[in-house]
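Worksheet: the structure to be examined is printed underneath.
The values are calculated or read from the model by the stated rules, or taken from the named source; none is laboratory data. Fair warning: this is a prediction, and the values are worked out from it, not measured in the lab. Counting neighbours? That spans all protein chains shown, and the Cβs are built from the backbone with ideal geometry, glycine included. When the accessible area is computed, the model is the full protein with side chains, heavy atoms only, and any ligands, DNA or RNA have been set aside. Shrake-Rupley method; radii C 1.70, N 1.55, O 1.52, S 1.80 Å.
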Amino acid sequence: MKRKLLIYYLTILISFSGQLLGQTYQLAGNPVNTTGWDLVSNAAVDTDFVRLTTDNTSLYGAIKLATPITLSYCDKWKVEFDFRIDGNGTAQFGRGDGFTFWYLVNPPTGFVSGGGLGIPGNASGLMVGFDIFNNTTEGQMSKIHLLYGTNDTAGNNIEYNNTPGSTFHSPDLITSQPFVGPVYKHVEVNGETDLTNPTNWIIKIKLDGVLIVDQSFAPSGAAIGMTQGYFGFSAATGGASARHSIKNVKVFVDKVPILNATVTPFVCTNPTTGTGTVDLTSFNAQFVNNPGNYQFTYYVLGSSVPIANPASFPYSGNTTIKVVIKDPSSTLCDNGDGVIQLNPTPFAATDASLSGCNNNNAGTATFDLTTAALTTVLGSTMQFYNTMHDLNAGINEIPNPTAYASGAAVLFAKVTTPQGCVSTAKLTLNLNPVVVVTDANLRSCFLETNPSLGTFNLNNAPVTVGTLTKKYYPSLSDAENGTNEILNFLNYTAPSGVIYVKVFNAQGCYSIAKVTLTVIAPILSTVLKDKIICIEDKTTLDAGPGFTSYLWSTGATTQAITNVGVGTYWVKLKSGDCTAIQAVKVYASEQPVVTNIDISGNTVTVFTNGGTPAYQYSMDNINWQDSNVFNNVARGETKIYVKDSYDCEPIEIDITVPNLINVITPNGDGVNDAIDYSALSNKKNLQIGIFDRYGYKLFQADKSNRYTWDGTTNGSKKVPTGNYWYSITWNENNSKNTPIKFSGWIMVKNRE
């Protein structure tokens with residue numbers, strides 16, 4: 001039985017570093033994913049492999065990519081797959097036929113009879129067959145056949161095709177690497193352009209890592225000039241039977257990604273010469289991103305000679321340019337190259353208009369004249385003039401067309417295409433309507449924490465009508481320059497002053513409005529004042545009339561509150577929309593303090609400070625006097641009362657007026673022999689001193705002498721008869737520890 005193997009490997013581009021780049025067509029997965037592939041006849045998916053034929057006779061199966069691949073400018077390629085040939089085929093016919101991997105212009109679409117390996121007669125392309133049946137001996141073998149040409153030998157059997165330079169037949173590998181068996185065999189096929197003969201391919205085939213072939217092959221027959229084909233696998237059993245299976249198929253195609261397959265630029269011809277020139281390289285960016293990373297070659301369609309000077313290509317009529325794009329950093333199979341279609345047409349610029357913003361009613365706008373739609377021809381240059389006379393004369397060209405300040409006007413433009421075609425057009429400049437704004441005012445209540453500040457919602461300023469875009473700035477210069485924008489405009493805290501609002505319409509034009517900010521100062525009661533009362537008294541606090549509402553710290557909502565004792569109070573006074581809090585204190589009057597009391601004989605003098613003069617004094621809390629001196633005070637315990645001008649409860653001081661004698665006769669008769677001060681011994685800080693007329697202290701009374709004096713100095717020497725002075729001080733046993741000073745004279749009569 002005859003069989004032929006044809007396998008074309010169209011594949012991956014291998015980079016010079018050995019890395020595989022680009023798009024990969026695969027048959028992998030479990031079950032195998034066949035998206036993008038066509039199954040023919042008996043071929044079917046069986047778990048993780050594609051079964052081309054079952055183990056039966058007279059079967060055919062194939063699988064191919066659904067779309068053709070162009071390999072016109074492929075420098076290198078690679079394909080990998082695993083195959084298995086197994087089953088119960090009759091030993092008479094070599095246990096089966098074999099299969100082919102191919103790249104064909106005319107792949108099989110149905111059952112193929114005769115010839116074996118499933119390759120149609122007169123199929124053209126690259127075919128790599130894995131043959132297990134020897135048609136001469138009708139015995140089993142394991143040979144690899146390669147044909148780069150047309151399958152047109154007798155019986156359509158590539159086993160017998162020996163076209164010089166286009167075929168290869170390996171030795172029988174049945175002993176070293178038999179094809180038939182339960183284990184998958186791994187195949188790698190690499191191809192690259194033969195630089196010594198660019199129409200040839202250098203083909204390398206490895207079987208389980210063993211290099212089988214490595215040589216240059218020339219296309220023959222209909223494979224010469226072949227640019228497009230289909231990848232696929234096929235197998236046929238004929239009179240033999242075997243299961244043919246493939247899996248882990250990887251066909252690599254590294255393509256330069258093309259943005260546009262065809263570019264049709266505007267081009268024109270000089271009316272005088274009928275010709276023009278175009279820079280073909282100017283369209284590179286329309287084919288790929290980052291064109292500087294690629295190599296471009298340009299051909300007139302139908303010519304194999306590259307255009308020598310693509311930057312200045314002459315043309316006259318319709319011309320198709322084929323653009324070949326290669327990436328020098330990787331191995332390329334550059335199918336999908338671009339086309340530049342040149343169709344010369346007369347050139348005419350079109351009149352256009354531009355509208356600009358009359359910002360803030362300045363009367364002028366700034367125009368970028370180069371943005372006017374005067375032409376759609378890419379790369380055209382434009383020159384602008386105020387009059388047609390200037391344009392025709394080539395004088396007074398507008399020097400700053402990208403930032404031209406003008407009111408409404410009509411200009412004239414000279415438009416020149418990259419091919420040198422010239423036309424003129426009129427450019428009308430219009431001013432957009434002025435954005436209408438009005439200055440506004442905003443008022444805000446003061447902040448309790450800082451009455452000089454208020455919080456404003458700037459968006460509430462009625463500067464314009466409608467829902468236009470607004471931006472807010474602290475100064476006019478900021479608004480004009482777009483700097484220091486106020487971003488917290490809904491909650492803007494500021495003192496009284498101004499801010500500026502930049503109002504934009506849908507065209508981006510703007511006007512600026514001023515907003516005056518006024519912080520409403522707190523309005524407080526002028527009649528509500530702090531008060532001083534006696535601590536036991538009550539009073540009335542009155543905030544006065546004129547406020548919208550009142551709220552006291554007591555909860556009262558009346559203008560005044562009564563029966564108020566000593567303490568701190570506040571009232572919220574509302575005026576309009578603002579509320580001010582005013583604090584008021586009711587102080588307890590300061591009680592007067594008796595600093596000391598002098599007692600001289602039966603005269604008591606009271607010394608007072610503190611409180612609020614004038615003071616009043618009393619010894620019975622009934623009869624009051626302005627004088628602080630009491631005369632003829634009886635000896636013994638008594639009280640002193642003092643109050644100030646607030647007439648509060650008086651302070652009360654207990655005092656003792658000592659009952660002392662003024663004459664002693666220390667003669668030992670038991671009558672007036674000594675002065676006895678012991679009645680004062682319970683007083684605090686009691687100090688008693690006896691002085692002569694010169695102020696010299698003669699005696700100090702204390703516990704040791706029981707606060708008595710017998711007319712001697714130091715308890716031994718009698719003093720001369722005469723008058724002596726005493727001074728007694730103590731603190732009364734009251735809450736104030738009132739200091740008391742009691743002084744007077746005493747006569748001593750001593751006998752020597």
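Some points to look at:
- Selection count where residues are buried (at least 17 other Cβ atoms within 10 Å of the Cβ), in a loop (DSSP other than H, G, I, E, B) and not aliphatic (A, V, I, L, M), scope the range 709-747: 4
- If only residues of the range 160-184 that are of a type in the set (Gly, Ala, Ser) and surrounded by fewer than 16 Cβ atoms within 10 Å (Cβ to Cβ) are counted, the one that is modelled with the lowest pLDDT is GLY181.
- Qualifying residue in the range 721-734 (condition: in contact with a helix residue (DSSP H, G or I) (Cβ under 8 Å, 6 or more places away or on another chain) and among the aliphatic types (A, V, I, L, M)): yes
- Answer residue from the range 508-535, given it is under 45 Å from the mean Cα position of the chain (by Cα) and not in a strand (DSSP E or B) and is nearest to VAL564 (Cα to Cα) among those: PRO522
- Each residue in the range 536-576 was checked for being part of a loop (DSSP other than H, G, I, E, B) and out of contact with any Phe, Trp or Tyr (no Cβ under 8 Å at 6 or more places or on another chain), and 11 of them qualify.
- Strands (runs of 3 or more DSSP E) wholly inside the range 589-706 containing at least 3 residues that are among the polar types (S, T, N, Q) and surrounded by fewer than 16 Cβ atoms within 10 Å (Cβ to Cβ): 592-600, 603-610
- Lone qualifier among VAL267, VAL249 - being out of contact with any Pro (no Cβ under 8 Å at 6 or more places or on another chain) and of a type in the set (Val, Ile, Thr): VAL249
- Of note, THR137 does not satisfy the criterion of being surrounded by fewer than 17 Cβ atoms within 10 Å (Cβ to Cβ), part of a loop (DSSP other than H, G, I, E, B) and under 60 Å from the mean Cα position of the chain (by Cα).
- Answer from ASN106, ASN122 - the residue that is open to solvent by 10 Å² or more (accessible area, probe 1.4 Å), assigned to a loop (DSSP other than H, G, I, E, B), at pLDDT 85 or above and at positive phi: ASN122
- Count of residues meeting criterion [surrounded by 18 or more Cβ atoms within 10 Å (Cβ to Cβ) and out of contact with any Gly (no Cβ under 9 Å at 6 or more places or on another chain)] in the range 493-504: 4
- Qualifying residue in the range 453-461 (condition: assigned to a loop (DSSP other than H, G, I, E, B), in contact (Cβ under 8 Å) with a residue 60 or more places away in the chain and loosely packed, with under 12 Cβ neighbours inside 10 Å): no
- ASP351 meets all of the listed conditions (1) open to solvent by less than 70 Å² (accessible area, probe 1.4 Å); (2) within 26 Å of PHE266 (Cα to Cα) but one, namely (1).
- Residues that are touching a Gly at 6+ places or on another chain (Cβ under 7 Å) and modelled with pLDDT of 90 or more within the range 263-286 comprise VAL263, SER282, listed in sequence order.
- Candidates in the range 383-402 are the residues that are within 44 Å of the chain's Cα centre (by Cα) and open to solvent by 50 Å² or more (accessible area, probe 1.4 Å); of these, the one that is nearest to LEU369 (Cα to Cα) is THR402.
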